[in-house]
1. Select from Ser293, Ala269, Leu254 the residue farthest towards the positive end of the dipole of the stretch 215-374; place +1 on Cβ of Lys and Arg, -1 on Cβ of Asp and Glu, and compute about the Cα centre.
2. In whole Å, what are the extents of the stretch 215-374 along the principal axes defined by its C-alpha atoms, from largest to smallest?
3. Nearest 0.05, what FRET efficiency do Val442 and Lys96 give at R0 = 45 Å with Cβ-Cβ as r?
4. What's the magnitude of the charge dipole for the stretch 215-374 around its Cα centre, counting Lys and Arg as +1 and Asp and Glu as -1 at the beta-carbon? Answer in Debye, nearest 20.
5. As an exercise, use a Förster radius of 22 Å and the Cβ-Cβ distance of Val270 and Ala207 to find the FRET efficiency, rounded to the nearest 0.05.
6. Taking Cα pairs under 8 Å and at least six residues apart, what relative contact order does the stretch 278-391 come out at, in percent?
7. Hey, what's the Cα Rg ratio for the stretch 83-150 versus the globular rule of thumb, 2.2 N^0.38 Å?
8. Relative to 2.2 N^0.38 Å, what does the C-alpha radius of gyration of the stretch 290-401 come to as a ratio? Two decimals please.
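No value in this document is a laboratory result; all are computed from the given coordinates. This structure is a prediction, so every number in the text was calculated from the model and none was measured. A quick note on method: Cβ atoms are made from the backbone with ideal geometry, for glycine too, and the neighbour counts reach across all protein chains shown.
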Amino acid sequence: MKVCMITSHFPPDFGWSGTGRANLELANGLAGLGHEVEVIACAEDETAINNTYQDGVKVSRVSWKKQPRTGLVAHTIPRSRLMLNLSVALWREYLKCAKETSFDIVDATCSYGESVIPALTGASPVLSRLYDKRAVFVDKELAFLGDTGFKFENELEKFFQNIAVSLSDDTVAISSDLLAKNDNSAAAHLINYPLDTELFCPEGEKALDVEGKPSLIIRMPVKNSAVRQKAVEIVRALMAEIPDLAITIVAPDLFTEDSEAQIKEELAAVGFASNMIISTGMSRLISAHLWRSADCALLLDWKDETPYAALEALACGVPVVAETLLDEQIWLKDKSIILSPEGFSASSVAEKLKLMISDSAESRSQRLKSRQYILDNHCHRQAAKQCVEFYENAIKRSSEGNSITKRIGGFEQALDLVRSTSDRLDSFLYDLMFVHSFKFKVSHWVKKFNRKASKR
């Protein structure tokens, strides 16, 4: 089967976390089953624009930063402009590839309508993929732009996503909640974040030589002073019980060896001696060897690293203690897999870490349970086999005799969405004029005063 996968993020560009990592694991799983996979993704910078092969998967990376001179649009709806530019860059490359290759299926991760153009062309059946988050780099770009305060930007994002879903032949999502929010979804297939469980396993080489000492790996943003203080308090409490503990910090927010040395000195000054690893761009091949070196893992402030910071460790049979609201992790089917002491005080966390680092029956049980959970819920080979079934279903739906009727139904739903969004556009333009036009603002209050006066 020839698969075209469209996703804004595909590692190693932009790091190894989030939805892009999920698509990489899935693409590798499909290639491992003998399918031909071609990925269209955004390039991290201009030097990364190329066509390459990664583990048997063809990857075309496109430029998305060259934006047209649209000053008014950039001023009023900058977030939507960014998202649309991403989609347009991916669409252009898809149309180019579709001229040269006849794909059996198009699999598009849908953050901002990435599957709209493939669906409109009708060149191949289309499956839309819904995740609970955007690509991490997109979130960072949007955070830099800030919030304009206009709700219409959020409405536009939802509009494009709903249009994409309504025009697709099939839809898969990370949770039933996402499918419920998209009433036009063609089907209700559920997926989860896949992981290479053959690479991430308890057996194999270890990256760290801890000389027989108990080992703890802490994954945290070290530039955040509040997080560092919390880590210092936990480590002090823990080393009072385990003085020979070997500690390694994995720092996702460090980019140079100079900053690494500076942070290590600052931590050593408060009695926190540790190894430190700059994880930015660190290959998942190295990551697997790293987690095997640990007796336990501690995750602090890992929102941008979910879910793979936890999945990698769990797959290697390493108990995970994490600072998180487990109910918010919709990918986590068993809340007991990640240990999060109530209140997450330094003493309670240290006590839980001490228990997991020890060779107790509870620790051994948690290790086995962690590994089995990943095998049952996140194995990339199983996810790929399941995905092939979804593809076959989408192809069947596309080729059915009533496909024309179905497509017309999709356009009818799309027109309904256009009408409702048009109403919201009117409200947006009114708000925009009110904010930026003194004359309009005066007119607004005069009309409001006149209406009140006429009712008297």
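1. Ser293
2. 40, 34, 28
3. 0.30
4. In debye, rounded to 20, the stretch 215-374 gives about 480.
5. 0.25
6. Reported relative contact order: 25 percent.
7. Cα Rg divided by the expected 2.2 N^0.38 Å: 1.27.
8. For the stretch 290-401, the normalised Cα radius of gyration is 1.33.
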